[in-house]
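Take a look at the structure below.
The values are calculated or read from the model by the stated rules, or taken from the named source; none is laboratory data. A quick note: this is a predicted structure, and the numbers were derived from the prediction, not measured. As a convention, Cβ positions derive from the backbone with ideal geometry for all residues, glycine included, and neighbour counts pool all protein chains shown. Please note that ligands, DNA and RNA were not included when accessible areas were found on the heavy atoms of the full protein model with its side chains. Shrake-Rupley method; radii C 1.70, N 1.55, O 1.52, S 1.80 Å.
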Amino acid sequence: EAFKKALGDKFGIFSALLRGDVSEMKETVSAFRAVGIAHVFAVSGMHIGLVFAALSFILKKIPLNRYLKTAIVCFFLFFYSYLCGFTPSSLRASIMCSCIAIAKITGEKYDGVNALSEASIIVLTISPTELFSAGFVLSFTICFSIIVIAPTFKNLFKFLPEEFSSSLSVLMSSQTAVIPLSVIFFGGFSLISFIANFLLLPVVTIIFYFLIIGVVICLILPINALIALFIPQILVVGTTGVISFLATIPLAITYFPTAFTVCYYSLMLCVSDFVNLPKKAKVLCGAVAFSLILLSVFIGNFTINA
């Protein structure tokens with residue numbers, strides 16, 4: 001009800017951003033998908049990570065036993081995942097963030113691949129059929145790519161400031177990993193998504209935090225929803241306008257053969273730190289992988305024109 005009062009017919013954007021439910025977004029979600037940024041509506045690492053960071057920061061200021069703090073953090077992470085329907089992406093992120101919290105208090109070294117493996121075992125034990133769902137495949141592939149390929153991209157951008165290079169490497173690793181899968185599951189991958197994610201993900205992060213704050217204020221205080229949600233409302237309207245404009249730019253990969261997909265992921269794995277190869281070999285693998293993308297664009301356009 002608070003979302004409806006603040007955004008009217010467009011309240012579905014708030015609901016989708018907070019809970020991953022896009023059923024009320026109607027045709028608006030098409031623009032987000034067209035520019036490759038609809039993943040912000042799939043509650044995953046970004047959402048759970050932001051909640052985890054906020055809870056850790058708040059509890060750090062409160063004098064409580066560290067084990068109790070960790071238990072509180074884990075409880076709220078899984079409770080949030082429960083509110084989102086225990087989707088594979090939200091449950092995966094909750095498990096991995098819980099592993100980080102537990103590793104801190106036990107003095108153990110956190111290992112991303114091990115945490116991701118644990119999450120996959122738990123998710124597939126609960127629901128084995130998720131192995132064939134787009135949500136599971138995309139979520140775990142992107143996460144694995146960020147863990148093993150992002151360091152390689154970070155080395156390429158080491159001339160940039162630390163925080164900027166880290167963010168850019170995460171963006172590049174996740175986007176490159178999702179190209180073939182987007183074509184397979186959704187029929188295409190927008191090349192505009194690189195720009196859209198780079199420009200808009202920081203804004204979405206701000207919207208998410210202000211959205212949670214606004215919802216809490218609405219629940220606790222007798223304050224008008226238009227006031228409590230004023231900032232996220234303005235930001236959503238502006239973001240939607242930018243996305244609608246970017247969606248009009250027809251740059252997309254619509255063809256990626258199965259043989260290319262197998263070769264592409266094999267080459268990307270060779271580029272990562274997961275495989276020990278000489279630097280020249282990694283550069284060659286990366287160049288060949290990039291050439292497969294260009295070749296797919298060429299073949300796809302040729303087929304359409306023919």
From 83, 50, 55, 64, which residue is within 28 Å of residue 124 (Cβ to Cβ), loosely packed, with under 14 Cβ neighbours inside 10 Å and at pLDDT below 90?
83
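So in the range 65-113, with the set limited to residues that are assigned to a loop (DSSP other than H, G, I, E, B) and more than 24 Å from residue 21 (Cβ to Cβ), which one is farthest from the chain's Cα centre (by Cα)?
Among those residues, the one meeting the criterion is 65.
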Residue ID - farthest from the chain's Cα centre (by Cα), chosen from residues in the range 181-193 that are in contact (Cβ under 8 Å) with a residue 60 or more places away in the chain and open to solvent by 50 Å² or more (accessible area, probe 1.4 Å)
184
Could you check, for the range 160-171, whether at least one of its residues is touching a Leu at 6+ places or on another chain (Cβ under 6 Å), in a helix (DSSP H, G or I), at pLDDT below 85 and closer than 21 Å to residue 43 by Cβ?
no
Filter result (free of Cβ contacts under 8 Å to residues at least 12 places away in the same chain and either crowded, with 16+ Cβ neighbours inside 10 Å or hydroxyl-bearing (Ser, Thr, Tyr) (or both)) within the range 128-166:
129, 165
Test: residue 120 is closer than 22 Å to residue 20 by Cβ, in contact with a helix residue (DSSP H, G or I) (Cβ under 7 Å, 6 or more places away or on another chain) and not charged (D, E, K, R):
yes
How many residues, within the range 92-113, are touching a residue at least 12 places away in the same chain (Cβ under 8 Å) and either open to solvent by 70 Å² or more (accessible area, probe 1.4 Å) or of a type in the set (S, T, N, Q) (or both)?
4
Scanning the range 33-70 for residues that are within 29 Å of residue 179 (Cβ to Cβ) and aromatic (Phe, Trp, Tyr) gives 41, 52
Answer yes or no: is there a residue in the range 236-249 that is over 30 Å from residue 17 (Cβ atoms) and open to solvent by 70 Å² or more (accessible area, probe 1.4 Å).
no
Give just the number: which of (1) more than 27 Å from residue 152 (Cβ to Cβ); (2) β-branched (Val, Ile, Thr); (3) open to solvent by 60 Å² or more (accessible area, probe 1.4 Å) does residue 258 not satisfy?
(1)
Please enumerate the residues belonging to the range 114-127 that are of a type outside the set (A, V, I, L, M, F, W, C), surrounded by fewer than 19 Cβ atoms within 10 Å (Cβ to Cβ) and assigned to a helix (DSSP H, G or I).
114, 117, 118, 125
Look at residue 231 and say whether it is in a helix (DSSP H, G or I), open to solvent by 40 Å² or more (accessible area, probe 1.4 Å) and either touching a helix residue (DSSP H, G or I) at 6+ places or on another chain (Cβ under 6 Å) or touching a residue at least 60 places away in the same chain (Cβ under 8 Å) (or both).
yes
Which residues, counting only those in the range 29-47, are open to solvent by 30 Å² or more (accessible area, probe 1.4 Å) and either not in a helix (DSSP H, G or I) or not charged (D, E, K, R) (or both)?
30, 34, 39, 42, 45, 46
Within the range 272-279, does at least one residue satisfy the condition of being among the charged types (D, E, K, R), open to solvent by 40 Å² or more (accessible area, probe 1.4 Å) and assigned to a helix (DSSP H, G or I)?
yes
When you go through (1) assigned to a loop (DSSP other than H, G, I, E, B); (2) closer than 19 Å to residue 174 by Cβ one by one for residue 290, which number turns out not to apply?
(1)
Does residue 178 count as at pLDDT 85 or above, open to solvent by 30 Å² or more (accessible area, probe 1.4 Å) and within 19 Å of the chain's Cα centre (by Cα)?
no
